[in-house]
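Data first, discussion second: the structure below is written as structure tokens.
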Amino acid sequence: MFKIKLKGLRSIYRDFVRFPDYEESPLRYRRLRRNMIILMLLVTVLPLISMGIINHYQYLNTLKKEIIHPMQVLVADKKRSFELFLAERLSAVSFVASAYSFEDLVDENTLNRIFRVMKTEFGGFVDLGLCTNEGLQVSYVGPYDLKGKQYADQEWFQELQVRDAHISDVFMGYRKFPHFVIAIKHISETHGAWILRATIDTEKFNNLVISSGLDAESDAFVVNQEGVLQTPSKFYGDVLEKLPMSIPPISFEPTVIERSDPKGKEILLAYAHFTSPHHILMVIKPRTDVLKAWYALKSELLLLLLGGVLVIFLVVYRLTGVLVKQIEASDQKRTQVFHEMEYTNKLASIGRLAAGVAHEVNNPMSIIGQKAGLMKDLIDLDPSLPQREKFLPIVNSIIQSVERCRVITHRLLGFARRMDVQILVIDINEIIKEVIAFLEKEAIHRNIKMELKLSENLPPIPSDQGQLQQVLLNILNNAYEAVDDGGQVSISSWDHDQDTIGISIQDNGSGMSQETLAHIFEPFYTTKKGWGTGLGLSITYGIVKKLGGSIEVQSQKGSGTTFTVYLPKKGVHGEEIKNGKLESTFG
Ligand code: ADP
Ligand code: MG
């Protein structure tokens, strides 16, 4: 399974980076570059970004832990002291209920004494009262006149019907200030069930929550199960108001959650539930404040990451541009070399074929020639031969035709033979003038203007005189054939660069179509139906290559053609000219 997957991935990868070998078009290089960019970005930017993301979360987690932990400790501390406060008071009331009888407590003097001790020892007690099981307060000490009050319909009283001890929620009651009640039900043999209840001032209780460990932006308070505030909150309402937030899920351990408050402010809420009463302690800190440092760092990191990605992108973009351009250039070179090889191969094979045919034809031809010569001698020797006048021109025309055949086969053989190059010191301007002399008659006859622009300080080069003559002659012949009578042909020569000299032959003749231009160096390609051989330029091409040079053509249909030949200043075998003399530096 895994293997198959890997194989699939590999083939996708190969497709993606494959060097596109076929169809040469600009699109192909654009696609190659695009693929390279995507791939390089993928392997550089992806790890960078994922590392950034991982770092981000790790850092955030540590940071949160650092903030969350102190909040948890704070909540645990407060919860402990809060619970202790209640437990102390509960056990004080419980103790009194157990230690004293109903008769003792009905006596207000005794009750007053006990109350004063409780007030000094524990603090927070506002009053103390004894109620019958029916809810009537029969004895009371405290700042109000509450003796004879009926509590049967109060919530804490009803709670006591099912329980022995109860701590009430904070409420206003008869006293019109927030307080809560601790009540103990006691059952004695003589008086049945009776209730001792004490009221606790919330101020002491509030101080427990608010004091210590809070900065100006933070808040701490206690709410009951219904979300009613038991102590005042700095931001979310006074005591006995409803907290404008939902109660978090039950947790007796200090827990921190992230949420937004009713005003949409992001907060961190630390809380813990009490076992009894079922109140919840909450500590709230604004999240942005807590994480401000982190946000600053985050934006810096993000900027750094973006900068990095941008730099990578630019580098990748430039690099692929350069790379693809180089690939394109070397592709072009390769194609060119390939074409040249094609020509050379074609030339060689056709050359061999032609040589074979020429050789075969040569023998019968020379026999025909000999025999015709013999016939001519016989005719010459015998003036009395009948119809002598008729035979003589026939024999002459046979001899002429044979001679013509001999020239053609000779040419073919020459084309095929690997004629050895004979390197001499050559003055190109000299050769150009010689070749022009050959064609002078035709130029005059057809009124063709010859223009010469020969460089005066052209250096002599080591090359082959006969073969260069043939090159120039072939090109010039074509030029003459291309121009109309009265046309113009110009020849220039110049010192091209450190290593080469240049010769150009320009005509204002018919020019060539793109189609023709693509084939002109192929053997037997001709547009001169019936009278062209199509060999001239292929021979020329072969020679120029053999001499270590190159040839270029520019042509415009209807307006003319320019052939440019570049020849090396060093011979093909490394010959150099020093002080007008040939020196071979090769082997
Ligand atoms: P040929 O001259 O026998 O046709 P070449 O090999 O010399 O064979 O030339 C091949 C073809 O190249 C010609 O048939 C002609 O179409 C074209 N050509 C060569 N030189 C020129 C030129 N100067 N102007 C126009 N066409 C040319
Ligand atoms: Mg020709």
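The values are calculated or read from the model by the stated rules, or taken from the named source; none is laboratory data. All values derive from a computational prediction rather than experimental measurement. In this analysis, Cβ positions are derived from the backbone assuming ideal geometry, glycine residues included, and neighbour counts consider all displayed protein chains. We work out accessible area using only protein heavy atoms, side chains counted, and drop any ligands, DNA or RNA first. Shrake-Rupley method; radii C 1.70, N 1.55, O 1.52, S 1.80 Å.
A few notes on this one:
- The order of the peptides 226-238, 358-370 by mean Cβ neighbours within 10 Å, most packed first, is 226-238, 358-370.
- In order along the range 187-197, the phi-based Karplus estimate (6.51 cos²θ - 1.76 cosθ + 1.60, θ = phi - 60°) of 3J(HN,Hα) comes to 10, 10, 5, 7, 10, x, 8, 9, 10, 10, 10 Hz; Gly and Pro are listed as x.
- Order by protection proxy (mean Cβ within 10 Å, highest first), peptides 325-337, 70-82: 70-82, 325-337
- Label-point separation in nm, ILE394 to LEU454, each point 7 Å along Cα→Cβ: 5.1 nm
- Net lengthening on full extension, LEU381/ALA152 (0.36 nm per residue, minus Cα-Cα): 65.0 nm
- Close amide H pairs (under 5 Å, H built 1.01 Å from N) link VAL126 with THR199, ILE200, ASP201, residues at least 5 positions away or on another chain.
- Remark: the chain carries 58 Å² of accessible area per residue (probe radius 1.4 Å; ligands, DNA and RNA excluded).
- Which of ALA355, GLN326, GLN370, positive extreme of dipole for the range 318-373 (C-beta unit charges): GLN326
- Non-local lysine pairs in the range 418-584, meaning eight or more places apart or on different chains, with alpha-carbon distances under 21 Å, amount to 18.
- Cα shape, the range 395-492, gyration tensor, a/c 1.5 rule: oblate
- Label sites at ARG80 and VAL357, each approximated as a point 7 angstrom past Cα along Cα to Cβ, lie 11.4 nm apart.
- A probe of 1.4 angstrom, applied to the heavy atoms of all protein chains, finds LEU9 with accessible area near 110 square angstrom.
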